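Laboratory data are not the source of any read-out in this text; all were calculated from the coordinates shown. Just so you know, these numbers come straight off a predicted model, no measurement behind them. Counting neighbours? That spans all protein chains shown, and the Cβs are built from the backbone with ideal geometry, glycine included.
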Amino acid sequence: MFAEGDLFTLLELKNKVVRHTFPRLPNLPKFIKSTSTMLNPPSDLGEMLAAEILIPTPNSSFPTPYLYVSNRNDPSPQGDIIAIFAIEEPGSLELITEVRTGLRHVRGMVFGGPDDKYLVAGGKDGGGVKVFERVDGGKALKEIASNSSIVEPTTFLWL
């Protein structure tokens, strides 16, 4: 499991995610790694922005932690990307898969349901709301429900 005291930071304007270790004082923070939030980022990001960063709490159904990052405003007709990173090994920050959402300007990703099995995300600028199921131990997502009639969703709350 990743170390207690690790900090993951999303750099919205650079589409990067960074890992640091923050030990107890008086020790100083230590930079571990920085990587792109996309497998093949364009040389000019234009309006593309990194957006949400989530690490669902490991549980019996999903014992391995993964980091999930959304990227907004991708010009692809397949919509914005949710990137999934391996973070379990000390110092690791490896982009293992990208999931095309069919959403435009992804906003408000949230995990919920039994064992945080589901991820809901909305497209503020198009695509409505989609629910994805974590599959392959959390290394991937599979779309299981959608509602394109919801306009401009920006956040969600599981009850």
(message) Under 5 Å between amide hydrogens, which residues at least 5 positions from E52 or on another chain qualify, with H placed 1.01 Å from N in the peptide plane?
(response) S70
(request) Pick out which of S148, S60, S76 has the largest mean-square fluctuation in a Gaussian network model of the chain, springs linking Cα atoms closer than 10 Å. (result) S60
(message) Can you compute the charge dipole magnitude of segment 1-70 about its Cα centre, using +1 on each Lys and Arg Cβ and -1 on each Asp and Glu Cβ, nothing else charged? Give it in debye, rounded to the nearest 20.
(response) 320
(message) Below 8 Å, C-alpha to C-alpha, sequence gap of six or more: please give me the relative contact order for the chain in percent.
(response) 16
(request) Please find the FRET efficiency linking L7 to S146, where r is the Cβ-Cβ separation and R0 is fixed at 35 Å, and quote it to the nearest 0.05. (result) 0.55
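With N set to the number of residues, divide the alpha-carbon radius of gyration of segment 6-147 by 2.2 N^0.38 Å and report two decimals. Walk me through the numbers before you get to the answer.
Working: Rg = 15.2 Å, N = 142, 2.2 N^0.38 = 14.5 Å.
Output field value: 1.05.
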(message) Give the separation of the Cα centroids, segment 33-50 to segment 60-75, in Å.
(response) 15
(message) Which one, S34, M48, F62, projects farthest toward the positive side of the charge dipole computed for the chain from Cβ point charges (K/R +1, D/E -1)?
(response) S34
(request) Multiply the residue gap between V18 and L45 by 0.36 nm, knock off their C-alpha separation, and tell me the result in nm, one decimal place. (result) 7.9 nm
(request) Count the lysine pairs in segment 3-159 whose Cα atoms lie under 29 Å apart, taking only pairs 8 or more positions apart in sequence or on different chains. (result) 24
(request) Rounded to whole Hz and in sequence order, give me ³J(HN,Hα) for segment 84-93 from the Karplus expression 6.51 cos²θ - 1.76 cosθ + 1.60, θ = phi - 60°, writing x for Gly and Pro. (result) 10, 10, 7, 9, 5, 6, x, x, 7, 6
